[in-house]
Amino acid sequence: MNHRLVTTLASLFLTTQAFAGDAGMAKVGDVMIHDGWARASIGSAPNSAAYMTLMTKGSETDKLLSASSPAAETVELHTHLMEDGIAKMRPVEAIEIAPGEATVLEPGNLHVMLMGLKGKLEEGAAMPLTLTFEKAGEITLDLPIRGIKGGMKHGEGHKHTH
């Protein structure tokens, strides 16, 4: 292999990889991924979820088509729906990312469902997650694992003492 090809391949590899230590932001194609994290396992529960904010800087809508992780047997894109007054999770085919708008994957909304965990997700550790987009391509993230209240907004679930 010539030097130029090796340099190009190394550059491509580095631009499609994102790690927990990179200030919570990654980019693949025109898609920006902010504040990604996975929820720590609860006891021996076989499932968990991953969350993040997606944006495209391009002029066309992109779609998150799928996700995968060696940490889980099955990874699906999910949403929450209300049916007969009961909140239920349902798989979705894809998650659209409109230009200039944040698509937020968060508890109680769109999320990446991790089913059949192959081990406990420990708070403070990290978990690899590969995302595949229709236009932007594929990226592997190293998501930090947060505790059960990791996604709550300030003030939720906290006691304040003075």
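Quick notes
- So Gly21, is it touching a Gly at 6+ places or on another chain (Cβ under 7 Å), more than 22 Å from Met89 (Cα to Cα) and either at pLDDT below 85 or small (Gly, Ala, Ser) (or both): no
- If you go through the range 106-128 and keep only what is assigned to a loop (DSSP other than H, G, I, E, B) and of a type in the set (A, V, I, L, M, F, W, C), you end up with Leu110, Leu121, Ala125.
- Residues that are out of contact with any helix residue (DSSP H, G or I) (no Cβ under 6 Å at 6 or more places or on another chain), of a type in the set (S, T, N, Q) and under 19 Å from Ile148 (Cα atoms) do occur in the range 109-125.
- Yes/no for Met89 being surrounded by 14 or more Cβ atoms within 10 Å (Cβ to Cβ) and at pLDDT below 95: yes
- One residue from His78, His34 being modelled with pLDDT of 95 or more and out of contact with any Lys or Arg (no Cβ under 9 Å at 6 or more places or on another chain): His34
- Filter pass, Lys149 being at pLDDT 95 or above, surrounded by fewer than 13 Cβ atoms within 10 Å (Cβ to Cβ) and touching an Asp or Glu at 6+ places or on another chain (Cβ under 8 Å): no
- Given (1) modelled with pLDDT under 95; (2) closer than 16 Å to Leu143 by Cβ, index of the condition Leu64 fails: (1)
- Pairs with Cβ under 7 Å, 6+ apart, first in the range 81-104 and in contact (Cβ under 8 Å) with a residue 60 or more places away in the chain, second surrounded by 11 or more Cβ atoms within 10 Å (Cβ to Cβ) and outside any strand (DSSP E or B): Ile97/Thr61
- Candidate set from the range 47-58 (those that are at pLDDT 95 or above and of a type outside the set (Val, Ile, Thr)); member that is surrounded by the fewest Cβ atoms within 10 Å (Cβ to Cβ): Asn47
The values are calculated or read from the model by the stated rules, or taken from the named source; none is laboratory data. Source: prediction; values computed, not measured. Counting neighbours? That spans all protein chains shown, and the Cβs are built from the backbone with ideal geometry, glycine included.
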